[in-house]
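Asker: Okay, here's the structure, questions in a sec.
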Amino acid sequence: MTQFSELSAVGRETAALVLFSGGQDSTTCLGWALERFGRVETVGINYGQRHQAELECRARVREKIGAVKPEWAERLGDDHMLALPVLGEIADCALTDSRRIEFESSGLPNTFVPGRNLLFFTLAAAIAYRRGARVLVGGMCETDFSGYPDCRDNTLKSLQVSLSLGLDAPMVIETPLMRLTKAETWELARRIGGDAFVQLVRDETHTCYMGDHSHFHTWGFGCGKCPACELRERGWNEWKEHARFE
(Lines give C-alpha, C1' and ligand atoms only; values in the text may rest on other atoms or scores of the structure.)
Protein backbone atom coordinates (compact mmCIF):
# COMPACT_ATOMS: atom_id res chain seq x y z
CA MET A 1 0.00 0.00 0.00
CA THR A 2 1.34 3.44 -0.90
CA GLN A 3 2.65 5.40 2.06
CA PHE A 4 1.43 9.00 1.89
CA SER A 5 2.85 11.92 3.82
CA GLU A 6 0.54 14.41 5.55
CA LEU A 7 0.69 16.57 2.44
CA SER A 8 -0.11 13.70 0.14
CA ALA A 9 -3.00 12.57 2.32
CA VAL A 10 -4.58 15.91 1.47
CA GLY A 11 -3.52 15.46 -2.16
CA ARG A 12 -5.39 12.23 -2.73
CA GLU A 13 -8.42 14.22 -3.81
CA THR A 14 -6.32 16.83 -5.64
CA ALA A 15 -5.34 17.01 -9.30
CA ALA A 16 -1.87 18.15 -10.35
CA LEU A 17 -0.33 19.22 -13.64
CA VAL A 18 3.37 18.48 -14.17
CA LEU A 19 5.64 20.44 -16.49
CA PHE A 20 7.02 17.36 -18.23
CA SER A 21 9.85 17.65 -20.74
CA GLY A 22 11.07 14.06 -20.76
CA GLY A 23 14.25 14.91 -18.85
CA GLN A 24 15.59 13.49 -15.59
CA ASP A 25 14.25 16.23 -13.34
CA SER A 26 10.73 16.44 -14.76
CA THR A 27 10.41 12.64 -14.81
CA THR A 28 11.44 12.48 -11.15
CA CYS A 29 8.84 15.17 -10.43
CA LEU A 30 6.22 13.18 -12.33
CA GLY A 31 6.87 10.19 -10.08
CA TRP A 32 6.77 12.47 -7.04
CA ALA A 33 3.36 13.79 -8.12
CA LEU A 34 1.97 10.34 -8.92
CA GLU A 35 2.90 9.28 -5.39
CA ARG A 36 0.92 12.17 -3.89
CA PHE A 37 -2.05 13.25 -5.97
CA GLY A 38 -5.17 11.46 -7.08
CA ARG A 39 -4.98 12.60 -10.71
CA VAL A 40 -1.82 13.75 -12.48
CA GLU A 41 -1.72 15.25 -15.95
CA THR A 42 1.33 16.39 -17.90
CA VAL A 43 2.12 19.26 -20.22
CA GLY A 44 5.00 19.49 -22.68
CA ILE A 45 6.02 22.50 -24.73
CA ASN A 46 7.80 22.52 -28.05
CA TYR A 47 9.42 25.94 -28.25
CA GLY A 48 11.93 25.15 -30.97
CA GLN A 49 14.57 23.70 -28.68
CA ARG A 50 17.40 22.09 -30.58
CA HIS A 51 17.42 18.98 -28.37
CA GLN A 52 14.22 17.49 -29.76
CA ALA A 53 15.34 14.11 -28.42
CA GLU A 54 14.01 15.19 -25.03
CA LEU A 55 10.51 15.61 -26.44
CA GLU A 56 10.73 12.22 -28.14
CA CYS A 57 11.42 10.62 -24.75
CA ARG A 58 8.19 11.97 -23.26
CA ALA A 59 5.92 9.38 -24.83
CA ARG A 60 8.18 6.47 -23.84
CA VAL A 61 8.42 7.63 -20.23
CA ARG A 62 4.66 8.13 -19.95
CA GLU A 63 4.08 4.71 -21.51
CA LYS A 64 6.40 2.91 -19.10
CA ILE A 65 6.01 4.83 -15.84
CA GLY A 66 2.75 3.08 -14.99
CA ALA A 67 4.65 -0.23 -14.76
CA VAL A 68 6.66 1.09 -11.79
CA LYS A 69 3.59 1.00 -9.53
CA PRO A 70 0.04 -0.06 -10.45
CA GLU A 71 -1.43 2.96 -8.65
CA TRP A 72 0.69 5.28 -10.79
CA ALA A 73 -0.96 3.89 -13.91
CA GLU A 74 -4.37 4.57 -12.38
CA ARG A 75 -3.50 8.16 -11.47
CA LEU A 76 -1.77 9.19 -14.70
CA GLY A 77 -4.14 11.35 -16.71
CA ASP A 78 -4.03 13.23 -19.99
CA ASP A 79 -0.99 14.69 -21.67
CA HIS A 80 -1.06 18.15 -23.26
CA MET A 81 1.45 19.20 -25.92
CA LEU A 82 1.73 22.88 -26.80
CA ALA A 83 3.59 24.54 -29.66
CA LEU A 84 5.31 27.77 -28.71
CA PRO A 85 7.63 28.52 -31.65
CA VAL A 86 7.67 32.24 -30.93
CA LEU A 87 9.82 31.60 -27.83
CA GLY A 88 12.43 29.87 -29.96
CA GLU A 89 12.34 32.73 -32.43
CA ILE A 90 13.08 35.39 -29.84
CA ALA A 91 15.20 33.41 -27.34
CA ASP A 92 18.53 33.88 -29.16
CA CYS A 93 20.32 31.23 -27.11
CA ALA A 94 22.29 28.01 -27.40
CA LEU A 95 19.24 25.85 -26.70
CA THR A 96 17.35 27.12 -29.73
CA ASP A 97 20.11 27.40 -32.34
CA SER A 98 23.47 25.82 -33.12
CA ARG A 99 26.13 27.70 -31.26
CA ARG A 100 28.87 26.90 -28.81
CA ILE A 101 27.77 26.72 -25.16
CA GLU A 102 29.58 29.41 -23.18
CA PHE A 103 29.07 32.09 -20.55
CA GLU A 104 27.89 35.56 -21.49
CA SER A 105 29.02 38.88 -20.04
CA SER A 106 26.05 38.77 -17.64
CA GLY A 107 27.53 35.68 -15.99
CA LEU A 108 24.71 33.46 -17.25
CA PRO A 109 25.38 30.62 -19.69
CA ASN A 110 24.01 31.18 -23.18
CA THR A 111 21.68 28.21 -22.60
CA PHE A 112 19.40 30.55 -20.64
CA VAL A 113 16.04 30.94 -22.39
CA PRO A 114 14.65 34.29 -21.16
CA GLY A 115 11.22 33.98 -19.57
CA ARG A 116 10.85 30.29 -20.35
CA ASN A 117 9.60 29.09 -16.96
CA LEU A 118 7.42 32.16 -16.52
CA LEU A 119 5.67 31.39 -19.80
CA PHE A 120 5.51 27.65 -19.15
CA PHE A 121 3.85 28.03 -15.77
CA THR A 122 1.44 30.65 -17.09
CA LEU A 123 0.31 28.32 -19.88
CA ALA A 124 0.19 25.39 -17.48
CA ALA A 125 -1.97 27.41 -15.09
CA ALA A 126 -4.44 28.14 -17.88
CA ILE A 127 -4.71 24.43 -18.65
CA ALA A 128 -4.96 23.53 -14.97
CA TYR A 129 -7.72 26.08 -14.45
CA ARG A 130 -9.86 24.43 -17.13
CA ARG A 131 -8.97 20.90 -16.00
CA GLY A 132 -9.82 21.46 -12.33
CA ALA A 133 -6.22 21.18 -11.13
CA ARG A 134 -4.79 23.56 -8.57
CA VAL A 135 -1.24 22.21 -8.23
CA LEU A 136 1.51 22.87 -10.77
CA VAL A 137 4.72 20.84 -10.48
CA GLY A 138 8.11 21.74 -11.96
CA GLY A 139 11.67 20.43 -11.70
CA MET A 140 13.39 23.77 -11.02
CA CYS A 141 16.35 23.70 -8.64
CA GLU A 142 18.55 26.29 -6.94
CA THR A 143 21.23 23.84 -5.80
CA ASP A 144 22.53 22.21 -8.99
CA PHE A 145 21.65 24.77 -11.64
CA SER A 146 23.25 27.30 -13.95
CA GLY A 147 22.03 30.44 -12.25
CA TYR A 148 18.87 30.77 -14.32
CA PRO A 149 16.83 33.48 -12.56
CA ASP A 150 13.50 31.84 -13.46
CA CYS A 151 14.53 28.70 -11.52
CA ARG A 152 14.86 30.54 -8.23
CA ASP A 153 12.48 29.84 -5.38
CA ASN A 154 11.63 33.52 -4.91
CA THR A 155 10.76 33.86 -8.61
CA LEU A 156 8.34 30.96 -8.44
CA LYS A 157 6.80 32.05 -5.14
CA SER A 158 6.10 35.42 -6.71
CA LEU A 159 4.66 33.76 -9.80
CA GLN A 160 2.42 31.57 -7.67
CA VAL A 161 0.88 34.67 -6.12
CA SER A 162 0.44 36.36 -9.51
CA LEU A 163 -1.21 33.32 -11.08
CA SER A 164 -3.57 32.88 -8.15
CA LEU A 165 -4.59 36.53 -8.29
CA GLY A 166 -4.87 36.63 -12.08
CA LEU A 167 -7.05 33.53 -12.23
CA ASP A 168 -8.94 34.35 -9.03
CA ALA A 169 -8.27 30.76 -8.01
CA PRO A 170 -5.61 29.38 -5.65
CA MET A 171 -2.68 27.92 -7.59
CA VAL A 172 0.18 26.14 -5.83
CA ILE A 173 3.56 25.73 -7.52
CA GLU A 174 5.42 22.70 -6.18
CA THR A 175 9.18 22.35 -6.85
CA PRO A 176 10.29 19.16 -5.05
CA LEU A 177 13.88 19.42 -6.34
CA MET A 178 14.44 23.04 -5.35
CA ARG A 179 16.92 22.31 -2.53
CA LEU A 180 18.35 19.02 -3.81
CA THR A 181 21.68 18.24 -5.43
CA LYS A 182 21.65 16.01 -8.49
CA ALA A 183 22.81 13.10 -6.32
CA GLU A 184 19.87 13.73 -4.00
CA THR A 185 17.57 13.79 -7.03
CA TRP A 186 18.70 10.27 -7.93
CA GLU A 187 18.06 9.23 -4.33
CA LEU A 188 14.61 10.80 -4.41
CA ALA A 189 13.79 8.72 -7.49
CA ARG A 190 14.87 5.59 -5.62
CA ARG A 191 12.78 6.45 -2.57
CA ILE A 192 9.75 7.21 -4.72
CA GLY A 193 9.78 4.20 -7.00
CA GLY A 194 12.69 1.94 -6.11
CA ASP A 195 15.22 0.51 -8.54
CA ALA A 196 12.61 0.21 -11.30
CA PHE A 197 12.03 3.96 -11.30
CA VAL A 198 15.76 4.73 -11.18
CA GLN A 199 16.25 2.48 -14.21
CA LEU A 200 13.43 4.21 -16.06
CA VAL A 201 14.92 7.64 -15.33
CA ARG A 202 18.39 6.49 -16.34
CA ASP A 203 17.44 4.61 -19.51
CA GLU A 204 14.55 6.63 -20.93
CA THR A 205 15.08 10.30 -20.04
CA HIS A 206 17.17 12.88 -21.87
CA THR A 207 18.97 15.97 -20.58
CA CYS A 208 21.90 16.40 -22.99
CA TYR A 209 22.15 19.95 -24.36
CA MET A 210 23.57 18.61 -27.63
CA GLY A 211 20.60 16.33 -28.23
CA ASP A 212 22.78 13.19 -28.26
CA HIS A 213 20.61 10.19 -27.52
CA SER A 214 22.83 7.60 -29.19
CA HIS A 215 25.67 7.20 -26.68
CA PHE A 216 24.76 5.30 -23.52
CA HIS A 217 26.71 5.70 -20.27
CA THR A 218 26.23 4.25 -16.79
CA TRP A 219 24.14 7.34 -15.96
CA GLY A 220 22.10 7.38 -19.19
CA PHE A 221 22.22 8.77 -22.73
CA GLY A 222 24.12 11.89 -23.74
CA CYS A 223 27.24 13.36 -25.29
CA GLY A 224 29.04 13.18 -21.95
CA LYS A 225 30.68 16.57 -22.45
CA CYS A 226 28.06 19.32 -22.20
CA PRO A 227 27.22 20.92 -18.81
CA ALA A 228 23.96 18.97 -18.51
CA CYS A 229 25.70 15.63 -19.06
CA GLU A 230 28.54 16.51 -16.68
CA LEU A 231 26.06 17.45 -13.96
CA ARG A 232 24.02 14.29 -14.46
CA GLU A 233 27.14 12.08 -14.45
CA ARG A 234 28.58 13.76 -11.35
CA GLY A 235 25.30 13.37 -9.50
CA TRP A 236 25.03 9.72 -10.48
CA ASN A 237 28.59 8.97 -9.31
CA GLU A 238 28.11 10.81 -6.00
CA TRP A 239 24.84 8.98 -5.39
CA LYS A 240 26.32 5.56 -6.19
CA GLU A 241 29.33 6.24 -3.98
CA HIS A 242 27.08 7.24 -1.09
CA ALA A 243 24.84 4.22 -1.61
CA ARG A 244 27.90 1.94 -1.47
CA PHE A 245 28.56 2.92 2.13
CA GLU A 246 25.00 2.76 3.40
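Asker: Restricting segment 185-223 to residues that are in a loop (DSSP other than H, G, I, E, B) and among the aromatic types (F, W, Y), which is farthest from E71 (Cα to Cα)?
Answerer: Looking at the filtered set, the residue picked out is Y209.
Asker: Select from segment 156-184 the residues that are outside any loop (DSSP other than H, G, I, E, B) and buried (at least 17 other Cβ atoms within 10 Å of the Cβ) and list them in ascending order.
Answerer: Scanning segment 156-184 gives L156, L159, Q160, L163, I173, E174, K182, A183, E184.
Asker: Considering every residue within segment 68-79, establish whether at least one is over 21 Å from L136 (Cβ atoms), at pLDDT 85 or above and either open to solvent by less than 20 Å² (accessible area, probe 1.4 Å) or not in a helix (DSSP H, G or I) (or both).
Answerer: yes
Asker: Restricting to segment 223-246, and then to whatever is of a type in the set (G, A, S) and more than 17 Å from the chain's Cα centre (by Cα), can you tell me which residue is surrounded by the fewest Cβ atoms within 10 Å (Cβ to Cβ)?
Answerer: A243
The values are calculated or read from the model by the stated rules, or taken from the named source; none is laboratory data. Quantities reported herein were computed from a predicted structural model and do not represent experimental measurements. Neighbour counts run over all protein chains shown; Cβ positions are idealised from the backbone, glycine included. Ligands, DNA and RNA are excluded from the accessible area calculation, which covers all protein heavy atoms including side chains. Shrake-Rupley method; radii C 1.70, N 1.55, O 1.52, S 1.80 Å.
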